[in-house]
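Visitor: I have a structure I would like to understand better, so I am pasting it below and will then ask my questions one at a time.
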Amino acid sequence: MKKLVRINAERKIAGICTGLGAYFDMDPLIFRLAFIVSMFCGGIGLLVYLVMWIMVPLVEGEAGSTGKPSRLHLSSTDKKLAGVCGGLGEFFKLDAVIFRVGFVVAALVGGAGVFVYVVLWLLVPRAEATTATVA
């Protein structure tokens, strides 16, 4: 049986979102964004986060997840500005141009595209550098 725990290894603040990601086999970024959005909608996200910080036990290392879910990251190969759209394209297995157009349209219609892009740029981790070994 799976147990919900806070994971110390990849935590940003308290390991709540990393633990939720491991428990539901999802990217922790989804939970981070949900907490941020819910904080601006009456502040309930902050209250829930604090309660979970107190009640959910902390463990060292990785959770006992069988398969590692695909993680959203900033692309190091397909980037025009910061790699946000390239990373979204790699994560959803779609062309990054779709996300670029979406951000530009959202920026022109109210400015939300710029805000969302900057938030993703700050929250999404960079792709791990792959080192090729030459034999």
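The values are calculated or read from the model by the stated rules, or taken from the named source; none is laboratory data. Model, not experiment: these values are computed from the prediction. We place every Cβ from the backbone using ideal geometry, glycine too, and count neighbours over all the protein chains shown.
Visitor: Could you please find all residues in region 6-40 being charged (D, E, K, R) and over 23 Å from Val116 (Cβ atoms)?
Guide: Matches in region 6-40: Arg6, Arg11, Asp25.
Visitor: Take the residues of region 1-48 that are over 25 Å from Glu128 (Cα atoms) and aromatic (Phe, Trp, Tyr): which is nearest to the chain's Cα centre (by Cα)?
Guide: Restricting to residues being over 25 Å from Glu128 (Cα atoms) and aromatic (Phe, Trp, Tyr), the top hit is Phe35.
Visitor: Which of (1) at pLDDT below 80; (2) surrounded by 19 or more Cβ atoms within 10 Å (Cβ to Cβ) does Phe103 not meet, given it meets every other one?
Guide: (1) is the only condition that Phe103 fails.
Visitor: In addition: Which condition number does Arg71 fail, the rest of (1) in a helix (DSSP H, G or I); (2) charged (D, E, K, R); (3) closer than 15 Å to Leu29 by Cβ being met?
Guide: So Arg71 meets the others, but not (1).
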